[in-house]
1. Taking 30 Å as the cut-off for C-alpha to C-alpha distance, list the pairs among LYS105/LYS180; LYS161/LYS189; LYS47/LYS189; LYS10/LYS161; LYS122/LYS184 that go past it.
2. With all protein chains present, calculate the accessible area of LYS95 using a 1.4 Å probe and round the result to the nearest 10 Å².
3. Taking each pair of different alpha-carbon atoms in the chain once, compute 1/r for the pair, average those values, and report the inverse of that mean as the Kirkwood hydrodynamic radius in Å to one decimal.
4. Size of the dipole of the chain about the Cα centre, Lys and Arg at +1 and Asp and Glu at -1 on the beta carbon, nothing else charged, in debye to 20?
5. Top to bottom by accessible area (1.4 Å), largest first, where do MET60, MET14 land?
6. Quick one: compute the contact order of segment 1-126, relative version, from alpha carbon pairs under 8 angstrom and 6+ residues apart, as a percent.
7. Mind grabbing the accessible area of LEU3 for me, 1.4 Å probe, Å², rounded to tens?
8. Quick one: among GLU59, GLU92, GLU39, which has the greatest mean-square fluctuation in a GNM of the chain with alpha-carbon springs under 10 angstrom?
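The values are calculated or read from the model by the stated rules, or taken from the named source; none is laboratory data. In this text the structure is predicted, and so the values were computed from the model without any measurement. Cβ placement follows ideal geometry from the backbone for every residue including glycine, while neighbour counts extend to all protein chains displayed. Accessible surface is based on the protein model in full, side chains and every heavy atom, while ligands, DNA and RNA are left aside. Shrake-Rupley method; radii C 1.70, N 1.55, O 1.52, S 1.80 Å.
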Amino acid sequence: LALLNDEPIKYRVMVYIVIFCGLHLGELVNLEWSDIDFENGLLTISKQLQYLPEYGIYEMKTAKTETGNRTISIPSSLISLLQEYQKWQNDEIQKLGDRWIGSNKLFTKENGEPIYPGTPSKWFSKFIERNNLPPLTFHQLRHTNASLLISQGVDVATVSKRLGHADVSVTLRTYTHALKQKDKEAIEKLENVIKPEA
């Protein structure tokens, strides 16, 4: 995260959104400024951007599942970063003038066109390599989000809702390792309250 400070703000924002919100790549690249409620600290996820060679870039009007359509809380630190990024983007739009192809999306090509859904992943793999960091894919940042929430004691139902999983069983299957650790911590805490007679 410290190394991100030397990276373009667009990519810093992408990483922080996924770490705080656990979005799918398609959800991330299709975010619009209207999806962010700055005043109440909320982010709405309701659509995805996809790419297929035969169709090019296209928008799916709904998320993968009905539960994928969700509104989640975001922290004040991310709100501040988003405001800084919005100002930066507005400055870039002013510089481009009529060369800007109108868009309300957070993440665009230099001229305002939608970015390829794979762009964050390509940038991230270069970032990892450039900084000699352990192998990690951009998608694994979503798993990092879930694992950190679980490690901080957030209940699985809340984690599941934030991730947009179809039901809690998907979350339970996917994050077994993190949950086993919490289970171990739970019984150790209980043992501190109830100790059997020797």
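1. LYS105/LYS180; LYS47/LYS189; LYS122/LYS184
2. The accessible area comes out at roughly 140 Å².
3. 18.6 Å
4. The calculation lands at about 320 debye.
5. MET60, MET14
6. 27 percent.
7. Roll a 1.4 Å probe over it and LEU3 shows about 70 Å².
8. Looking only at GLU59, GLU92, GLU39, the biggest GNM fluctuation is shown by GLU39.
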